[in-house]
1. I'd like to check which helices (runs of 4 or more DSSP H) are fully inside region 1-46 and have at least 2 residues that are of a type in the set (Ser, Thr, Tyr), in contact with a strand residue (DSSP E or B) (Cβ under 6 Å, 6 or more places away or on another chain) and closer than 18 Å to Ser64 by Cβ.
2. Working carefully through the options Val50, Val69, find the one that is at pLDDT 80 or above and either over 11 Å from the mean Cα position of the chain (by Cα) or not charged (D, E, K, R) (or both).
3. Taking region 4-24 as the search range and keeping residues that are more than 14 Å from Ser59 (Cα to Cα), of a type in the set (Val, Ile, Thr) and surrounded by 14 or more Cβ atoms within 10 Å (Cβ to Cβ), which one is nearest to the chain's Cα centre (by Cα)?
4. Which of (1) surrounded by fewer than 18 Cβ atoms within 10 Å (Cβ to Cβ); (2) under 13 Å from Leu2 (Cα atoms); (3) among the aliphatic types (A, V, I, L, M) does Ala27 not meet, given it meets every other one?
Amino acid sequence: MLVNAARNGHETTIRLLLEHRADVNAALVYSASGCQESFVRLLLELKADVNAVTANQYSALMSSAGKGVSPSYACFWSSKLM
């Protein structure tokens, strides 16, 4: 559920899942792959680990970069967390 919500930008669902302790790192990877800049920023503020990887060894930065120069990719580069 979190993966689909993050990829497709369903803010209400993402916030609800995060309130119930969903994995912010997974949400970050999938938000980045969906080029959801606002969610990437939110998750970075919530201290998601920029270096966390999925089971397939994809990081949020890799997911975002795979889409070209997306807003979420730029967000990572401008983040002080990186």
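The values are calculated or read from the model by the stated rules, or taken from the named source; none is laboratory data. The structure presented is a predicted model; accordingly, all values stated were derived computationally and were not measured. Cβ coordinates were reconstructed from backbone atoms using ideal geometry, including for glycine residues, and neighbour counts include every protein chain displayed.
1. Numbers: elements: 2-8, 11-19, 24-33, 37-45.
Of the helices (runs of 4 or more DSSP H) lying wholly inside region 1-46, none has at least 2 residues that are of a type in the set (Ser, Thr, Tyr), in contact with a strand residue (DSSP E or B) (Cβ under 6 Å, 6 or more places away or on another chain) and closer than 18 Å to Ser64 by Cβ.
2. Details: Val69 fails: at pLDDT 80 or above.
Of Val50, Val69, the one residue that is at pLDDT 80 or above and either over 11 Å from the mean Cα position of the chain (by Cα) or not charged (D, E, K, R) (or both) is Val50.
3. So the residue we want is Ile14.
4. With respect to (1) surrounded by fewer than 18 Cβ atoms within 10 Å (Cβ to Cβ); (2) under 13 Å from Leu2 (Cα atoms); (3) among the aliphatic types (A, V, I, L, M), Ala27 is out only on (1).
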